[in-house]
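Working notes, beginning with the structure itself.
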Amino acid sequence: LRDRLLAAVVAVFKRHGAAAIDTPALELQETLMGKYGEEVKLIYQLQDQGGELLALRYDLTVPFARYLAMNKITNIKRYHIAKVYRRDNPAMTRGRYREFYQCDFDIAGQFDPMIPDAECLKVVHEVLSDLQLGDFLIKVNDRRILKGVFAVCGIPESKFITTCSTVDKLDKMPWEEVRSEMVGEKGLSPEAADRIGEYVQLHGGLDLIERLLQDPRLSQNKLAKEGLGDMKLLFEYLALFGITGKISFDLSLARGLDYYTGVIFEAVLLQQENDHVEEPVSVGSVAGGGRYDGLVGMFDPKGRKVPCVGVSIGIERIFSILEQRVEASGEKVRTTETQVLVATPQKHLLAARLKLISELWDAGIKAEMLYKKDPKLLKQLQYCEDTGIPLAAIVGEQELTDGVVKLRDVATREEVRM
């Protein structure tokens with residue numbers, strides 16, 4: 001099942017002309033520190049025998065930026081599928097692990113506004129459509145719009161990142177709890193929190209963007225105007241791609257990571273319940289990303305910037321959803337692609353099985369046999385049924401004498417000699 005998922009995701013990435021790029025699981029600690037905001041506490045920090053401070057990668061984005069700077073690459077479209085590591089509290093039913101796969105698609109280079117950003121959203125739309133996960137929504141916002149909102153609401157720039165991480169909880173907590181955290185833990189005034197609440201609970205499409213462009217407070221803020229102008233352009237491109245029905249401009253979307261500079265987005269599944277389970281499968285977002293124009297420059301000795309935008313698909317979360325659906329439906333999922341089991345009906349025929357299976361493997365046929373000298377035929381056929389192997393190649397004393405193999409269709413029990 002996971003192989004099928006990964007193959008489908010890779011097919012979309014390749015369709016868009018992305019090249020495969022890999023980076024090491026280990027990075028210098030200094031590479032990862034200061035890039036993730038409050039999430040920095042989730043990084044696994046290591047000290048090797050030589051005393052060098054190392055860390056396990058937290059995501060695939062920061063190592064990619066380091067790779068671009070180190071190799072002086074200014075223009076590339078890439079994908080990377082690999083494991084990342086987080087010192088988190090695992091929640092198996094929600095697809096949340098300490099070690100898990102991410103599937104990243106990124107476009108790096110100086111291009112005209114919002115064209116690569118629109119393609120990244122199209123990639124997310126294609127992946128989630130191809131995987132047939134049910135109804136989904138891709139939320140979109142812009143860090144510049146958020147900064148503008150915070151500025152006109154009287155939030156100091158020093159509290160931007162911490163306020164962002166609180167606002168980002170609006171999809172999991174009601175506004176009253178978010179407001180309480182802003183005032184009680186983050187030190188915002190109740191008035192400022194209420195002003196933020198007027199904006200961050202808004203969501204919509206082009207009509208909302210137009211309305212905010214006319215907003216008397218936001219229209220006076222340079223950053224907010226820039227962000228809203230680009231958001232309008234983005235929605236025009238998304239309309240040409242024919243995907244605006246699945247896109248929502250959502251001012252509550254903040255994305256807690258430090259490195260985002262412009263457009264940010266997150267995909268969530270809307271219909272996770274089914275007829276067989278009482279509780280809906282709740283796993284949070286299944287994809288997220290955004291624009292990070294300043295990250296490459298942090299690794300370049302001369303501070304040269306390479307604009308980047310990318311998306312990460314959470315394959316483990318998607319896998320958790322599909323796994324629970326399969327379990328609930330009672331459908332049997334094969335764990336191997338084995339085409340045939342080599343079987344014998346009598347004792348002392350291990351040599352015949354070994355010769356035949358070797359011939360099949362050499363011919364490129366996926367084959368298995370039981371690791372017993374003299375297994376019972378019933379047990380061998382039962383193994384085929386349990387694992388979904390469709391064919392059994394049976395070679396007994398009579399078959400050896402006649403120079404044939406008996407091929408049995410496990411489901412229909414039909415047999416042919418060949």
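Take every Cα-Cα pair in the range 287-418 and report what % of them are more than 20 Å apart. Counting every Cα pair in the range 287-418, those more than 20 Å apart make up 61 percent. Can you pull the one-decimal nm distance between simple spin-label points at residue 350 and residue 99, each 7 Å off the Cα toward Cβ? Going by the 7 Å Cα→Cβ label model, 3.4 nm.
Taking all protein chains as present, what is the carbon and sulfur share of the accessible area of the range 340-417, in % to the nearest whole number, probe 1.4 Å? Carbon-and-sulfur percentage of accessible area, whole number: 55. Note on residue 28 and residue 378: with the Förster distance fixed at 60 Å, the Cβ-Cβ geometry gives a FRET efficiency of about 0.55.
Excluding same-chain neighbours fewer than eight residues apart, the lysines reachable from residue 72 by a Cα-Cα span under 27 Å are 14, 35, 83, 302, 305.
Taking the Cα centre of the range 150-269 as the origin, how large is its charge dipole in debye, to the nearest 20, when only Lys and Arg (+1) and Asp and Glu (-1) carry charge on their Cβ atoms? With Lys and Arg at +1 and Asp and Glu at -1, about 160 debye. Accessible area per residue was computed with a 1.4 Å probe on protein heavy atoms; residue 98 scores about 110 Å².
At the residue level, residue 203 shows approximately 120 square angstrom of accessible surface with a 1.4 angstrom probe and all protein chains present. What lysines sit close enough to residue 139 to cross-link, taking a C-alpha to C-alpha distance under 18 Å and skipping anything fewer than 8 places away on the same chain? Within reach: 122, 147, 169, 172, 232, 246.
At 20 °C and a viscosity of 1.002 mPa s, what translational diffusion coefficient does Stokes-Einstein give for the range 1-155, taking Rh as the Kirkwood radius over Cα pairs? Give it in µm²/s as a whole number. Let's see the in-between values first.
On the way: Rh = 18.0 Å.
Result for D is 119 µm²/s.
About its Cα centre, the dipole of the range 1-329 is roughly 920 debye, where the only charges are +1 on Lys and Arg Cβ and -1 on Asp and Glu Cβ.
Length gained on full extension, residue 361 to residue 89: 93.6 nm, using 0.36 nm per residue less the C-alpha separation. In a fully extended conformation the segment linking residue 211 and residue 173 would gain 11.0 nm over its present Cα-Cα distance, using 0.36 nm per residue.
Over the residues of the chain, the helix contribution to mean residue ellipticity at 222 nm works out to -11500 deg cm²/dmol, using -39500 (n - 2.57) for each DSSP H run of at least 4. Rounded to the nearest 20 debye, what is the charge dipole size of the range 280-418 about its Cα centre when +1 sits on each Lys and Arg Cβ and -1 on each Asp and Glu Cβ? The calculation lands at about 420 debye. What are the lysines whose alpha-carbon lies under 25 Å from the alpha-carbon of residue 376, with same-chain residues fewer than 8 places away excluded? Counting by Cα, and skipping residues close in sequence, residue 376 has these lysines nearby: 332, 347, 355, 366, 406.
Once you have the Cα-Cα distance between residue 203 and residue 415, take 0.36 nm times their residue separation minus that, and quote the gain in nm to one decimal. Kindly include the intermediate steps, with their values, before the conclusion.
Numbers: separation 212, 0.36 × 212 = 76.32 nm, distance 6.25 nm.
Stretched out fully, the residue 203 to residue 415 stretch lengthens by 70.1 nm.
Can you compute the modelled spin-label distance between residue 137 and residue 82, with each label point 7 Å from Cα toward Cβ, in nm? Reported label-point gap for residue 137 and residue 82 is 3.5 nm. Considering only beta bridges that DSSP places wholly inside the chain, some 80 percent are antiparallel.
Taking the three principal axes of the alpha carbon atoms in the range 340-417, the coordinate ranges are 28, 26, 25 Å, sorted in descending order. With protein chains left intact and a 1.4 Å probe, residues in the chain average 49 Å² of accessible area per residue. Ignoring ligands, DNA and RNA, what percent of the accessible area of the range 1-329 is carbon or sulfur (1.4 Å)? Roughly 49 percent of what the probe reaches on the range 1-329 is carbon or sulfur. Solvent-accessible surface (1.4 Å probe) assigned to residue 299 amounts to roughly 50 Å².
In a GNM of the chain with a 10 Å cut-off on Cα contacts, which of 103, 384, 120 has the highest mean-square fluctuation? Per the Cα network of the chain with a 10 Å cutoff, 384 tops the list. Distance between the C-alpha centers of the range 202-264 and the range 32-103? Whole Å please. The range 202-264 and the range 32-103 have Cα centres separated by 28 Å.
Tell me, Kirkwood radius of the chain from alpha-carbon pair distances, in Å? All intermediate terms of the calculation are to be shown ahead of the outcome.
Working: mean 1/r = 0.0405 Å⁻¹.
After inverting the pairwise mean of 1/r, the radius is 24.7 Å.
With a 1.4 Å probe rolled over the protein heavy atoms of all chains, the accessible area of 228, 233, 131 falls in the order 233, 131, 228, largest first.
When Rg and Dmax are taken over the Cα atoms of the range 136-198, they come to 11.4, 36 Å. Taking label positions 7 Å along the Cα-Cβ direction at both residue 387 and residue 75, the computed distance is 5.1 nm, reported to one decimal.
The values are calculated or read from the model by the stated rules, or taken from the named source; none is laboratory data. Note that this is a predicted model, so its numbers are computed, not measured. All Cβ positions, even for glycine, are placed from backbone atoms using ideal geometry, and neighbour counts span all protein chains on display. Heads up: the accessible areas ignore ligands, DNA and RNA and are worked out on the full protein's heavy atoms, side chains in. Shrake-Rupley method; radii C 1.70, N 1.55, O 1.52, S 1.80 Å.
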